[in-house]
Amino acid sequence: MIRPVWIFDLDNTLHDALPHIFPHINRSMTEYLAHELKLTAEEAARLRVSYWHRYGATLLGLMRHHGTDPHDFLRRTHQFPDLDRMVVREPGLRHALRRLRGRKIVFSNAPAHYAEQVLEAMGVRRHFDAVFSIEHTRFVPKPGRKGFLRLLRAMRLNPLRCVMVEDSAENLRTAKALGMKTVWISRAVRTPAFVDLRLQSVLELPRHLSKLA
């Protein structure tokens, strides 16, 4: 494949968000719901998870049922006074990105300020041409098709030239339906039919480019 456009997810694809960052975000969202909706911590936690399962993002449930300002929600739930210590970096990520020819874009359900800060903390921001965040999709999270279409239109991309690199299989299902090549970052045993390549780490990607041809 010659000069593809690489579309990367951020959390749990380019770095490991599970140990520190996701727990922090979950706590912040629960506190936000408890404060704004006058709920107990237990009620807020249940509602947060319920909206996440129902809509794919807690924010969508809040917008639909409570008229929540999405910018206020994202700002207040994605504050990290010690982000540099919370990011679990992939050693060798910069080298791996340098070996991939073509444009590189981060496509994340996270807010722009958070995505930019994480990329800077990892020292890889300069390797990406753009960051397409939840604000740019008009708050339609992956795997929603409309968010993908807004990315393609805004960046003037031909999906047949794109390679989506993700830890979420459902997000890759949408990418494949649009014509993209798909790379699943996962330790799963079985690989869905809509996944072209499964790798345990994004660092392995440069060694397997021939499998995406």
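Okay, residues lined up against (1) open to solvent by 20 Å² or more (accessible area, probe 1.4 Å); (2) in contact (Cβ under 8 Å) with a residue 60 or more places away in the chain; (3) out of contact with any strand residue (DSSP E or B) (no Cβ under 6 Å at 6 or more places or on another chain); (4) closer than 19 Å to Ser133 by Cβ:
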| site | (1), (2), (3), (4) |
| --- | --- |
| Val5 | no, yes, no, yes |
| Asp9 | no, yes, no, yes |
| Thr13 | no, yes, no, yes |
| Asp16 | yes, yes, no, no |
| Ala34 | yes, no, yes, no |
| Lys38 | yes, no, yes, no |
| Leu62 | no, no, yes, yes |
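Taken over the range 185-213, the criterion of being among the aliphatic types (A, V, I, L, M), in contact (Cβ under 8 Å) with a residue 24 or more places away in the chain and open to solvent by less than 40 Å² (accessible area, probe 1.4 Å) is satisfied by Ile185, Val195, Val202, Leu205, Leu212. Looking across Pro91, Pro159, Pro81, one residue alone is open to solvent by 10 Å² or more (accessible area, probe 1.4 Å) and in contact with a Gly (Cβ under 9 Å, 6 or more places away or on another chain). It is Pro159. When His71 is tested against (1) surrounded by fewer than 17 Cβ atoms within 10 Å (Cβ to Cβ); (2) more than 18 Å from Pro111 (Cα to Cα), only condition (2) is not met. Within the range 128-147, the set of residues being assigned to a helix (DSSP H, G or I) and either crowded, with 21+ Cβ neighbours inside 10 Å or at positive phi (or both) comprises just one member, Gly147. Here is a check on your reading of the model: is Tyr55 touching a Lys or Arg at 6+ places or on another chain (Cβ under 9 Å) and modelled with pLDDT under 95? So Tyr55 passes the test.
Among strands (runs of 3 or more DSSP E) entirely within the range 148-206, having at least 3 residues that are of a type in the set (D, E, K, R) and touching a helix residue (DSSP H, G or I) at 6+ places or on another chain (Cβ under 8 Å) singles out no element at all. Val49 fulfils the conditions (1) farther than 27 Å from Leu172 by Cα; (2) open to solvent by less than 80 Å² (accessible area, probe 1.4 Å) except for a single criterion, (1).
Exactly one residue out of Leu119, Leu100, Leu83, Leu60 is touching a Phe, Trp or Tyr at 6+ places or on another chain (Cβ under 9 Å) and within 16 Å of Phe22 (Cβ to Cβ): that is Leu83.
The residue that is farthest from Ala213 (Cα to Cα), counting only those in the range 133-171 that are of a type in the set (Gly, Ala, Ser) and free of Cβ contacts under 8 Å to residues at least 40 places away in the same chain, is Ser133. Residues being open to solvent by less than 30 Å² (accessible area, probe 1.4 Å) and of a type in the set (Lys, Arg) are entirely absent from the range 162-173. Of the residues making up the range 113-127, none is farther than 30 Å from Arg85 by Cα and in contact (Cβ under 8 Å) with a residue 12 or more places away in the chain. Thr182: closer than 23 Å to Arg3 by Cβ, open to solvent by less than 30 Å² (accessible area, probe 1.4 Å), of a type in the set (S, T, N, Q) and within 18 Å of the chain's Cα centre (by Cα), yes or no? Judged against the criteria, Thr182 is a match.
The values are calculated or read from the model by the stated rules, or taken from the named source; none is laboratory data. Computed from a prediction, not measured in an experiment: that's the story for all the values here. Cβ atoms come from the backbone with ideal geometry, glycine included; neighbour counts cover every protein chain shown. The accessibility values were calculated without ligands, DNA or RNA, using every heavy atom of the protein model including side chains. Shrake-Rupley method; radii C 1.70, N 1.55, O 1.52, S 1.80 Å.
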